[in-house]
Every structure is written in C-alpha cells, then in structure tokens.
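Worksheet: one structure, shown below.
The values are calculated or read from the model by the stated rules, or taken from the named source; none is laboratory data. Just so we're clear, the structure is a prediction, and the values are computed from it rather than from any experiment. So basically every Cβ, Gly included, is an ideal-geometry build from the backbone, and we count neighbours across all protein chains shown.
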Amino acid sequence: MRCTKKIKDDLFWVGINDRRLAMFEGVYSVANGVSYNSYLLTDEKTVLFDTVDKSGEQRFFENIAFTLGGRKLDYLIVQHMEPDHCACLGELIIRFPDVKIVCNLKSLELIKQFFDLDFNFEKNIVIVKENDTLNTGKHTLRFIMAPMVHWPEVIVTYDSLDGILFSADAFGTFGALNGALFADEVDIKKDYIDEFRRYYANIAGKYGDQVQSLLRKASALKINMICPLHGFVWRDNFSYIIEKYSLWSSYTPEEKGVMIAYASVYGNTENASEILSCRLRDMGIKTAMFDVSVTPASFIVASCFRWSHLVFASTTYNAGIFITMEDLINDLVSHNIQNRTVAIIENGSWAATSGSLIREKLANRENIKILDNTLSIKSSLKKEQLPQIEAIVNAIAADFKDNVKPVSSPPNEVKTASVNIDPAAMFKLTYGLFVLTAKDNDKDNGCIINTVTQITASPLRIAIAVNKANFTHDMILKTKAFNVSVLSETAPFSIFQRFGFTSGKDNDKFKESGYEDRAANGIRYISGHANCVISANVVNSYDYGTHTLFTADVAQSFILSNEKSLTYQFYFDNIKPKPQAPKETKKGYVCKICGYVHEGELPDDFICPLCKHGAEDFELI
Ligand code: FEO
C-alpha cells in the first residue's frame, strides 16, 4: 500500500523510511532509522527527483504509481548517484523505458559504472551544466552544481516558481520520518539537532569548502522551502539550519565547552578524565564525556564539531595509542577537524607513548592549538599529580575568562589556583639543560634537568629541582651529593635519549657512553658536550609534590670549554627532532560545472575533458 505525503498541490514526497538498517553506509549506527526522500512533481511534465535505497523498492514504486495516477513519468533528475538514492534507477528504467534522465556528465559516468543497462543513452539522457534549466510547464527547474557535497557528481535543483531548493544530501539528517514530514512539525532543537550534526560531520564534514561554496550559491536564491534527500522538509526557519551549516562547514565551534574522550582499560585514565571534568564543571565550563570504547566514533566526531575544546585521554597500548582512541583521532583528521584547542592526557604503566603520538597526529592540523600541559600517568593518578590536572584546567579556563565561575577549592589536596594564572607564562622563563649525575656505591646514574640556579655567592650555594620519578633523585636523597654538567649547544640528541628517555633503575646509562671522567667527589660528569661541571653537597631538601628542591653548597667547579650553554629554546629549535610531516596527500581539483575530478596541479590553460570549461571553473578538493 502506498504511503506518500503531499507537499504542495503538484509536489509529493514518495520516499521511504528504513528502521531496520543497523549501519548507514556500513559505518554509522542509525538506531532511529533513516529516510530516503524522493519527490515527484506533477506539472505538465512529470518529474521525479532521485530514487531510493534498494530496501524500499516495492513501496517506492507503489508510491510513484499512485502519485502518477496513470500518467507516464517524463523525467528523472539524478542529483546524487550514491546508491541510497539511485539504487532503483535500473528498475525505474525498466518500468518507464521512455523516461528522460537529467544529470551531469559525472553522473552519467557513474550510472554506467553502477548499472549494466540496455538503455538508449543518446536519446534519453539530458546532460545539464551549471544554471541550465528545464521547463516542465508551470515550473522552471534550474540546476546548480554542488560537487563533493558529498560526491563529485552532486547537483541541487532550484524550482523558481515555488522557491524550492531540492538540496540533495545537504540539510539532511539521520532518523526516519515518523509521520511528520516538515521540520516545523517536530522539535528540531530539542530532539533532532544532535542527529543533524552527526549526519553533517560524518557525511560532509570533510568537505567544508565545498559546502561553503553551495551556501554562497544558495544565498543568491529566494528560498521558500528546502527538500533534502534525508530527513525533514524545511518550509520556514531556514536561518536556523543554514547558520548551523555555516558554522560546521567553516569548522567554527558551535559552543564554548569541553569534549572529553577517554580510552581506559582499567578505569584509571577514566578517573583522571572524571576529575578533570569535575574541575571544569566547578568553574561553570560545560563538558561532554565519552568512553571511546563504548560510544561509536560518529557520535564523538559530531561532538568535536560542536565544542570549542577537546581533551583526549588515552592509555598506551602495544606501544601506541589505544585502538579505539587511535581510530577516533584518525577519523577526526579525515574529517578535517580544525580551529580547536586540545589537551592531552596519557597513561602508560612502563612506557607512555600515547600522548606524544596523539600530539603528532594533530600537530599539523589547521588552527589546532595543543596545550603544553600534558598529564602523563603511570598506571594510576597520584595525589602529587593533581596540580597537573589543575594546570590543564587553568589553561582551558583561560579561554573562558568571561564564562568561568569563581574558582572553588577542590576537595582536600589541591591548592586553589587563580584562573588569572596563565601557565604559558612559565615558558617565557629561560631554562638551561643539564645532566645531573650521582653515585651510590657502585651505581652511577644521571638524568636530564632544566632547573639549576645560584642562590647565594657566600656561601656559594645552588638549588636544583628534580622530578621524584627519576632514580637519580632517590640517589641524591640518600647520598646528598651530585654533579651538574652544563650542556653546551653542541650536545647531540643522543645525550637526551640516553639520560632522559630511559630509567637508571634497570639500565646502566653510562654503558658504552664514553663518559668515564669523575670529579673529585667520585661522581661521573659529561665531558665533550658540556662546558662546565659543578659538584655540590646537599644542604636541604624541600618536597614540592612532583619535585624535590635541593639546595647544595658548591664543593668543586671547573670549565670544560667556551661553547655556549644550551637553552631549552635552542634545544627545541635545533636539537629535538621535529614531528614527521604527514605524508603528502594527492592534490586534486573538481570541475564546478560537471564534477570531473583532476588529480595533481591544475595548469592555467586546463580544459575540462568532459564539459570543456576552463580552469577558472575548477575548485580545490
Ligand atoms: Fe544520502 Fe551521499 O547519500
């Protein structure tokens, strides 16, 4: 039995709904189904706009037969050749062998690819280009090319009599139509906008420039109604959905707030994420949280298109990013995510790498600012690390100055930090880089530190700050003696790998190092790439959470060379290897007229082999 809806006296919805489909395009879960819209115009000529998915073929043809009421079908306009809209094209031609197919050259190519048809293409195909028109009696239909919204052949159609834009995939949504056809019959803002966003971000999110191009073309039209291929027909309040499209396609956050996605095997990364989220909420900052192993990526990608700040918290797995988090990050990169501030939390019980790998993947994205404050957890969050969470919270809160509530103290351990503290200010201080060495009986060890300063000249006293996670720290606590080798600008990266990237607990960091020299205190120092050595004896030690501050009297000091002392800045600019540039992706241009795709650079005198338009009618994909 047919099931159609009347839109105007001579325009009908003849589509179908599908609530049995589990995964749209095989990847996007659609728990609320999906509609495949098709429209039939019964003017002096009859015109069908697209067909539907194969799953609804029988009902679709019942709908067409009923609406035609015995008339023949004159035209099929093919706006989009993806099979959710064209699957019934072959059967349609069998049933209506005289129908004329109106499409562009790219669609014709795809029709021949998808179907093995016995059809007189010369006689029954009408090829259209940008702004070509088709008169059907009272109505004149104008064709507007919309390549890559979402395939290269896409066209949209404007009915100038009624001001109707048949918009193909644009302005659509996941979700079956439950009896209502018009957007104003339901509560879009409350019940549907999340699915509009999820549909947009995942289907067209990669093609922001092309969607912007369509929006520009649409802005020149007087639109009274929008008829998309999925979801509701819009007959008023267009500005709401057009503004959303304008934000999404320019990768502009819809709202200020923080999306937190975490990958946690045993709940400890989740715990750190929860604490972070609680602290942000304490400040009145909106948050959304997702367990990437539970929530399908399409929902999280959509959330990333919504919020201004993104936090990725991932455990390390097989020496890399946790599987589901890596999939999400790759998905976001594929969908061209831009213009966001990102914070990273990593966890690793013995060799945490997930944070730096996530950073590498996102580092070269356009306008992605990655906060320096990375929290690295070893197995589970420790009390001493709460200030690091506060540092991330404060760095994020600095972007919400006008929105944050006065800071409330976190329970128990953490000192209140003012939102006016910008942690980035700490990076304006100048730091050197030093190898700190110690000796405990037969054990020689060393680590990299960046904080050594002279406190007084008489007595000649210095202070060093050492992370408690370093084995050298424990040795100095016990032996109360150390050497500082001041690294020079000639220091190779291998010194940092040797003393900074491994633990002396299990390794002999000096093995095959060539650093055999010892100061008068018997402790080794670094010759060759250090310009001086300072030996000192601990006077006092102060516990500062993650670090111990040692004050120590200088017992010996001597110059090794006149090379310049190495600064932290010099190290980052000249010694630390830069993240690998992403593999070069193929450049391509698409013809705005017919959708032909040209790979590689486009010469100025290029002529489209299909429609013969020049290079000025191509745009970068
Ligand atoms: Fe609804 Fe791009 O197909």
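From the list T490, T551, which residue is part of a strand (DSSP E or B) and touching a residue at least 60 places away in the same chain (Cβ under 8 Å)? Give the derivation first.
On the way: T490 fails: part of a strand (DSSP E or B).
Just one listed residue meets the conditions, T551.
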Inset, instruction - Output the number of residues of region 460-470 satisfying the condition of being surrounded by fewer than 19 Cβ atoms within 10 Å (Cβ to Cβ) and among the hydrophobic types (A, V, I, L, M, F, W, C). - result: 4
Inset, instruction - Give the residues of region 367-424 that are charged (D, E, K, R) and modelled with pLDDT under 90, sorted by residue number. - result: K401, D402, K405, E413, K415, D422
Inset, instruction - Among the residues of region 30-59, count how many are touching a helix residue (DSSP H, G or I) at 6+ places or on another chain (Cβ under 8 Å), of a type in the set (S, T, N, Q) and surrounded by fewer than 16 Cβ atoms within 10 Å (Cβ to Cβ). - result: 1
Legend entry - From D162, D194, residue being surrounded by fewer than 19 Cβ atoms within 10 Å (Cβ to Cβ), touching a residue at least 60 places away in the same chain (Cβ under 8 Å) and under 21 Å from Y245 (Cα atoms): D194
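So in region 138-147, with the set limited to residues that are more than 16 Å from the ligand (Cβ to nearest atom) and part of a strand (DSSP E or B), which one is farthest from C103 (Cα to Cα)?
T140
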Inset, instruction - Pairs only if they're at least six apart or on different chains, beta carbon under 9 angstrom, first in region 203-217 and more than 13 Å from the ligand (Cβ to nearest atom), second part of a helix (DSSP H, G or I) and among the β-branched types (V, I, T); list them, first residue then second. - result: L215/I242
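Looking at N120, N135, N131, N104, which is the one that is within 16 Å of the ligand (Cβ to nearest atom) and polar (S, T, N, Q)?
Of the residues listed, the single one that is within 16 Å of the ligand (Cβ to nearest atom) and polar (S, T, N, Q) is N104.
Every residue, every condition in (1) surrounded by fewer than 23 Cβ atoms within 10 Å (Cβ to Cβ); (2) touching a residue at least 24 places away in the same chain (Cβ under 8 Å); (3) in a strand (DSSP E or B), yes or no:
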| site | (1), (2), (3) |
| --- | --- |
| V149 | no, yes, no |
| Y158 | no, yes, yes |
| K190 | yes, no, no |
| L221 | yes, yes, no |
Legend entry - Whichever residue in region 228-241 is without any contact (Cβ under 8 Å) to a residue 60 or more places away in the chain and crowded, with 18+ Cβ neighbours inside 10 Å and, among such residues, is nearest to K190 (Cα to Cα): F232
Inset, instruction - Name the single residue, out of those in region 494-511 being in a helix (DSSP H, G or I) and surrounded by fewer than 16 Cβ atoms within 10 Å (Cβ to Cβ), that is modelled with the lowest pLDDT. - result: Q497
Legend entry - Every residue from region 81-99 that is assigned to a helix (DSSP H, G or I) and within 16 Å of the ligand (Cβ to nearest atom): P83, D84, H85, C86, L89
Legend entry - region 223-258 - residue that is under 30 Å from I344 (Cα atoms) and assigned to a strand (DSSP E or B) and, of those, nearest to the ligand (Cβ to nearest atom): E255
Legend entry - Only listed residue being more than 24 Å from A146 (Cα to Cα) and of a type in the set (F, W, Y), chosen from F49, F24, F61: F61
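Restricting region 463-522 to residues that are of a type in the set (V, I, T) and in contact with a strand residue (DSSP E or B) (Cβ under 6 Å, 6 or more places away or on another chain), which is farthest from S541 (Cα to Cα)? Reasoning before the result, please.
Of the residues in region 463-522, the ones of a type in the set (V, I, T) are 464, 466, 472, 476, 479, 484, 486, 490, 495, 502.
In the following step, the residues that additionally are in contact with a strand residue (DSSP E or B) (Cβ under 6 Å, 6 or more places away or on another chain) were identified as 464, 466, 472, 476, 479, 484, 486.
Working: I464: 10, V466: 10, T472: 14, I476: 10, T479: 12, V484: 17, V486: 21 Å.
Looking at the filtered set, the residue picked out is V486.
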Inset, instruction - Scan (1) surrounded by fewer than 19 Cβ atoms within 10 Å (Cβ to Cβ); (2) more than 30 Å from the chain's Cα centre (by Cα); (3) of a type in the set (K, R) for the single condition K106 breaks and write down its number. - result: (1)
Legend entry - Neighbours by Cβ (under 7 Å, 6+ apart or cross-chain): first from region 516-541, surrounded by 15 or more Cβ atoms within 10 Å (Cβ to Cβ); second assigned to a strand (DSSP E or B) and among the aromatic types (F, W, Y): I523/F482; C532/F558; V533/F558; A536/F482; V538/F550; S541/F550
Inset, instruction - Provide a single number: the residues in region 21-63 that are β-branched (V, I, T), within 14 Å of the ligand (Cβ to nearest atom) and more than 15 Å from G172 (Cα to Cα). - result: 2
Inset, instruction - All but one of (1) surrounded by fewer than 21 Cβ atoms within 10 Å (Cβ to Cβ); (2) in a helix (DSSP H, G or I) hold for M289, so report the exception by its number. - result: (2)
Inset, instruction - Identify the single condition in (1) farther than 15 Å from I344 by Cβ; (2) buried (at least 19 other Cβ atoms within 10 Å of the Cβ); (3) aromatic (F, W, Y) that Y262 does not satisfy, given that it satisfies every other one. - result: (1)
Legend entry - Sole exception among (1) buried (at least 19 other Cβ atoms within 10 Å of the Cβ); (2) assigned to a strand (DSSP E or B) for A302, by number: (2)
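Just the residues that are under 19 Å from E195 (Cα atoms) and in contact with a helix residue (DSSP H, G or I) (Cβ under 9 Å, 6 or more places away or on another chain), please, taken from region 235-249. Working first, answer last.
The first filter runs over region 235-249 and keeps only residues under 19 Å from E195 (Cα atoms), leaving 237-249.
Result: N237, Y240, I241, I242, K244, Y245, S246, L247, W248, S249.
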Legend entry - Identity of the residue in region 6-15, in contact (Cβ under 8 Å) with a residue 24 or more places away in the chain and more than 13 Å from the ligand (Cβ to nearest atom), that ends up farthest from T173 (Cα to Cα): D10
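Quick one: in region 481-493, which of the residues that are at pLDDT 90 or above and under 42 Å from the mean Cα position of the chain (by Cα) is surrounded by the most Cβ atoms within 10 Å (Cβ to Cβ)?
Taking region 481-493 first, the residues at pLDDT 90 or above are 481-492.
Those still in the list that are under 42 Å from the mean Cα position of the chain (by Cα) too: 486-492.
On the way: V486: 22, L487: 26, S488: 21, E489: 15, T490: 14, A491: 22, P492: 11.
Restricting to residues being at pLDDT 90 or above and under 42 Å from the mean Cα position of the chain (by Cα), the top hit is L487.
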Inset, instruction - State all residues of region 153-181 that are farther than 17 Å from W234 by Cα and within 11 Å of the ligand (Cβ to nearest atom); if no residue qualifies, say none. - result: E153, V154
Legend entry - T269, sole failed condition from (1) surrounded by 23 or more Cβ atoms within 10 Å (Cβ to Cβ); (2) within 16 Å of the ligand (Cβ to nearest atom): (2)
